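K.L.:
The structure that follows is given in the form of structure tokens.
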Amino acid sequence: MALKKKRPQKNLAAGRPPILQRQPKSITRKSTKALINKHHLLEKRKKQALAKGDDAGVAAIDAEIQALGGLEAYQKASLQGQREDRGGDSSRVLMEWLQPCLTAHKEGSGQMLKMLEVGALSTQNACSQSGYFDITRIDLNSQGEGILQQDFMERPLPKDDTERFDIISLSLVLNFVPDPKGRGDMLKRTTEFLRAAGRYLEAPSLTTNFPSLFLVLPAPCVTNSRYLDEERLVGIMASLGYAKVESKTTQRLVYYLWRREGKGIARRFRKEEIRAGLTRNNFAVVLG
């Protein structure tokens with residue numbers, strides 16, 4: 001009886017079905033946070049060095065920023081926060097709040113509303129795709145963060161109401177301004193770019209939410225700061241003529257919609273400790 005020939009053994013991998021190519025991993029949340037925080041710290045140190053006229057210090061800090069990957073790396077880390085598994089596009093929260101009044105407005109006059117989006121990371125966010133807004137962007141993709149703040153603060157003031165906006169978006173922008181007074185100045189300046197509340201008398205569906213400021217911050221800026229809590233933030237905004245319409249707090253972010261009601265009553269808000277504790281952060285907003 002003839003012996004059967006043994007078939008040559010195939011390599012185990014050769015018998016496996018083809019495997020889909022793995023997608024490159026995104027930046028981990030921990031790495032993203034570390035990179036953004038480091039970038040913020042370096043920008044703060046750079047501003048201090050510029051104020052002192054320390055050219056050598058500025059050059060050294062610029063070299064550190066470039067070693068981190070520069071603006072491109074910062075943009076990539078920032079955009080990771082808009083992924084679905086990291087909380088997604090912050091403007092989706094805004095659209096949830098505004099949808100009822102925007103729908104009613106569209107069924108009426110249908111005129112698009114003007115939005116100023118400071119620190120725009122994407123032209124594909126919920127507001128951009130909604131069809132309700134004519135959006136002017138101060139774009140992070142073409143501006144460094146320090147320049148971003150300067151661009152807004154030095155932007156010519158509107159000549160009349162036709163150059164003003166119905167809503168301003170400051171989503172994860174204020175927390176990057178390196179000093180408390182600069183943050184207060186930025187909030188104060190937003191009032192110069194918003195239309196007057198009386199403009200909406202012919203569009204009553206808009207009066208509840210417009211003109212307004214959409215403000216998004218990392219949650220610890222409000223929930224774990226030595227110098228700022230929600231009560232103090234409400235007081236600061238009220239002194240600028242803003243009233244809180246909506247708010248939402250998640251583990252990572254705080255979202256606010258503030259309606260502009262008038263000039264407000266100017267008050268001074270200094271950097272004063274309102275919470276003690278070694279684990280608190282130093283985020284603050286100063287006015288006056």
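K.L.:
Find all pairs meeting these conditions: Cβ atoms under 6 angstrom apart; at least six residues apart or on different chains; first residue within the range 228-244 and at positive phi; second residue small (Gly, Ala, Ser).
P.N.:
241/262; 241/264
K.L.:
Considering only residues that are of a type in the set (S, T, N, Q) and within 23 Å of the chain's Cα centre (by Cα), which ones fall in the range 258-288?
P.N.:
281, 282
K.L.:
Got at least one residue in the range 276-285 being touching a strand residue (DSSP E or B) at 6+ places or on another chain (Cβ under 6 Å) and within 23 Å of residue 191 (Cβ to Cβ)?
P.N.:
Yes - at least one qualifying residue is present in the range 276-285.
K.L.:
Find the residue count for the range 171-181, including only residues that are part of a helix (DSSP H, G or I) and open to solvent by 10 Å² or more (accessible area, probe 1.4 Å).
P.N.:
So the count comes out to 4.
K.L.:
Scan the range 232-252 for residues that are among the small types (Gly, Ala, Ser) and open to solvent by less than 30 Å² (accessible area, probe 1.4 Å) and jot them down.
P.N.:
Hits for the range 232-252 are 235, 239, 241, 243.
K.L.:
For the range 253-274, enumerate the residues that are closer than 19 Å to residue 227 by Cα and open to solvent by 50 Å² or more (accessible area, probe 1.4 Å).
P.N.:
Correct list: 267, 268, 270, 271, 272, 273, 274.
K.L.:
Let me ask another. I'd like to verify a number: residues in the range 194-223 that are in a helix (DSSP H, G or I) and open to solvent by 10 Å² or more (accessible area, probe 1.4 Å), how many?
P.N.:
Total meeting the criteria: 10.
K.L.:
Those residues that are part of a loop (DSSP other than H, G, I, E, B), touching a residue at least 12 places away in the same chain (Cβ under 8 Å) and surrounded by fewer than 19 Cβ atoms within 10 Å (Cβ to Cβ), I need them from the range 275-285; list them, please.
P.N.:
Correct list: 275, 276, 277, 279, 280, 282.
The values are calculated or read from the model by the stated rules, or taken from the named source; none is laboratory data. Worth saying up front: this structure is predicted, and the values here are computed from it rather than measured. We place every Cβ from the backbone using ideal geometry, glycine too, and count neighbours over all the protein chains shown. The accessibility values were calculated without ligands, DNA or RNA, using every heavy atom of the protein model including side chains. Shrake-Rupley method; radii C 1.70, N 1.55, O 1.52, S 1.80 Å.
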